[in-house]
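Report on one structure; see the data block that follows.
The values are calculated or read from the model by the stated rules, or taken from the named source; none is laboratory data. Everything numeric in this text was worked out from a predicted model, so none of it was measured. Because the Cβ atoms are built from the backbone with ideal geometry, glycine has one as well, and the counts that use them run over all protein chains shown.
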Amino acid sequence: MPFAPLATKMQAVGRQSGLNFTFGMIDFPRSPDSTALGLNSRGDIVGFYGPNVPLYEGTEQSFLLEGNNFQELIYPGASYTGALGINKSRKIVGWYTNPGDNVHSFLRKGKAYTNIDYPGFDNTIASNINDAGVVIGIQYDNAGTTVHGFVLNKGVYTTIDPPTSVFTEPLSINSAGVIVGYYADQNSVSHGFIYQKGQFTTVDYPGASNTDLTSINDQGQMMGGYGDDAIIGDEDWPTPNPFFLDQGVFTPFTLPVGDVQVTWTYTFNGDRFVGMYVDGLGNVEGFEATISQ
């Protein structure tokens, strides 16, 4: 059912290191925590809401925000639903689960849901979809010792793993099919990667212990996170510091909204991006933002 939004247009404006930012909060009505994860060229947003909403924790439900209207997204019969990506045709991908069951993924077109399960693996999470309908995500067995990335294009699954990776997570794919994400090596160090035309490029923030690439737009500009984990309450938040990457130049930034301990960006579309931040009390807030140089 649709809900009227609460505080979705409370904005803050900031300028840092030659970049201009305008931020707006995304708060699902009557929910203690919200995230904004997927963004299309129409400005539609998908995300999570509920208590304790870090990704894949199995406590969340999802929403679609079109204009000023929220709509709940619940996979039929599922206990938990996680919408992660949306394209300009409003095709939505994500995951769902039931207690004691494996993790399955879905593609939502209109009101209809279709399952996405990588053949031969127990668990599948579809993380994003581009405007051509190409889906990316991860697959893993119940042992969880190795997590592989995948691309699903016209019904064909392809595994993608950077060399030396023991955990690969593709997170964003642009219209040209360029994929970014991160992988963990055998020393549990996280590196960002770019995957283009069958070739991997590793991306590390200068001097940082860990790096993630989380999003890429059609202009080839990227966002991600870096640094040591932040511990807030009982939660461990990796790569808590965000950056903007354009033509090889890293620009770190912070949100101009007060007590921000962790910032995760998710989808970068044109000059707009969405994500979430965590304050010192562990509260999770979704946001949308524009960026210009």
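A few comments on the model shown:
- When Tyr75 is tested against the conditions (1) at pLDDT below 95; (2) in contact with a His (Cβ under 9 Å, 6 or more places away or on another chain); (3) not in a loop (DSSP other than H, G, I, E, B), the lone failure is (3).
- There is no residue in region 86-104 that is under 22 Å from Ile173 (Cβ atoms) and at pLDDT below 90.
- Residue in region 99-110 that is hydroxyl-bearing (Ser, Thr, Tyr), buried (at least 21 other Cβ atoms within 10 Å of the Cβ) and out of contact with any Ser or Thr (no Cβ under 6 Å at 6 or more places or on another chain) present: no
- Residue within region 274-287 that is within 17 Å of the chain's Cα centre (by Cα), assigned to a strand (DSSP E or B) and among the small types (Gly, Ala, Ser) present: yes
- For Ile116, the conditions (1) over 27 Å from Glu288 (Cα atoms); (2) surrounded by fewer than 16 Cβ atoms within 10 Å (Cβ to Cβ) all hold with the exception of (2).
- Scanning region 221-259 for residues being of a type in the set (D, E, K, R) and out of contact with any Asp or Glu (no Cβ under 6 Å at 6 or more places or on another chain) gives a total of 4.
- Total residues in region 218-236 satisfying the condition of being in a strand (DSSP E or B) and crowded, with 19+ Cβ neighbours inside 10 Å: the figure is 5.
- Test for Ser190: is it in contact with a Leu (Cβ under 8 Å, 6 or more places away or on another chain) and touching a residue at least 40 places away in the same chain (Cβ under 8 Å): no
- If only residues of region 69-96 that are β-branched (Val, Ile, Thr) and surrounded by 19 or more Cβ atoms within 10 Å (Cβ to Cβ) are counted, the one that is nearest to Ile116 (Cα to Cα) is Val93.
- Residues of region 169-187 satisfying the condition of being under 25 Å from Gly144 (Cβ atoms) and either surrounded by 22 or more Cβ atoms within 10 Å (Cβ to Cβ) or touching a residue at least 40 places away in the same chain (Cβ under 8 Å) (or both): Glu169, Pro170, Leu171, Ser172, Ile173, Ile179, Val180, Gly181, Tyr182, Tyr183
- Residue count for region 141-165, restricted to those that are of a type in the set (Phe, Trp, Tyr) and either over 14 Å from Tyr183 (Cα atoms) or loosely packed, with under 14 Cβ neighbours inside 10 Å (or both): 1
- Scanning region 237-260 for residues that are under 20 Å from the mean Cα position of the chain (by Cα), in a loop (DSSP other than H, G, I, E, B) and buried (at least 16 other Cβ atoms within 10 Å of the Cβ) gives Pro238, Thr239, Pro240, Phe253, Leu255, Val260.
- Test for Arg42: is it at pLDDT 90 or above and in a loop (DSSP other than H, G, I, E, B): yes
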